[in-house]
1. Each label point is 7 Å from the Cα along the Cα-to-Cβ direction; what then is the distance between the points at Ser39 and Asp128, in nm?
2. Rounded to the nearest 20 debye, what is the charge dipole size of region 101-169 about its Cα centre when +1 sits on each Lys and Arg Cβ and -1 on each Asp and Glu Cβ?
3. Run the helix sum for the chain: -39,500 (n - 2.57) per DSSP H stretch of 4+ residues, divided by residue count, reported at 222 nm to the nearest 500 deg cm²/dmol.
4. Take the chain, connect every pair of alpha-carbon atoms lying under 10 Å apart with a spring to form a Gaussian network, then pick out the residue of Ala25, Ala15, Ala79 with the largest mean-square fluctuation.
5. Select one label from (1) 15.5; (2) 18.3; (3) 16.3: the one whose number is Kirkwood radius over Cα pairs in Å as derived from the coordinates shown.
6. Report the Cα centroid-to-centroid distance between region 14-36 and region 126-152 in angstrom, as an integer.
7. Restricting to the chain, compute how many DSSP beta bridges are antiparallel as a %, nearest 5.
8. What dipole magnitude, in Debye to the nearest 20, does the chain give about its Cα centre under +1 on Lys/Arg Cβ and -1 on Asp/Glu Cβ?
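Derivation of every value follows stated rules applied to the coordinates shown; laboratory data play no part. This structure is a prediction, so every number in the text was calculated from the model and none was measured. All Cβ positions, even for glycine, are placed from backbone atoms using ideal geometry, and neighbour counts span all protein chains on display.
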Amino acid sequence: MKIREANINDAPSIARVTVDTWKTAYRGIIDDNYLDNLSYEDREKGWREFPFHDSFVYVAEDENQNIIGFAAAGPEREANPTYAGELYAIYICREHQKKGIGSILFRSVAEKFERSGVDSLLLWVLTDSPYRRFYERHGGHPLETRLLEMEGFANQITAYGWPDIRAIR
């Protein structure tokens, strides 16, 4: 497995990972109709519009150079006075989960932030997601919960924070 920084040419593969993991990870949490209508093309368009100039994406590749997971991060988007960096997304294809890839990607994000002088991090996760435990295992603490309404669905989300990015383990 190889971890590297992504570029715009990786958008189709990142879109595939996004759609495939949403359909497996969020089944039973997000409305099935919404999940069934996700498309690679729509997600690719979104990733092509990702602000690579001030944010970044790390990808995990398998031995055949197929992207099997990614983590996207950048500046915190809501001017939170405590947290400077934000993990926007981290997804690993189902068949590659529970192998430590997510942890390696998460630590890669933290290390890049730390090198650039960002010393704190937060992220938002669906409150009902069983993957919340991943963030707790890495030292994250729940901060607040609120309603997220987007594209025809509404779900509670919870923020996790690391006031000291070096605490990510």
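1. 2.6
2. Dipole size: approximately 320 debye.
3. It lands at -8500 deg cm²/dmol.
4. Checking each option, the largest mean-square fluctuation is seen for Ala79.
5. (3)
6. Going from one Cα centre to the other spans 16 Å.
7. Expressed as a percentage, antiparallel bridges in the chain total about 90.
8. The dipole magnitude comes to about 620 debye.
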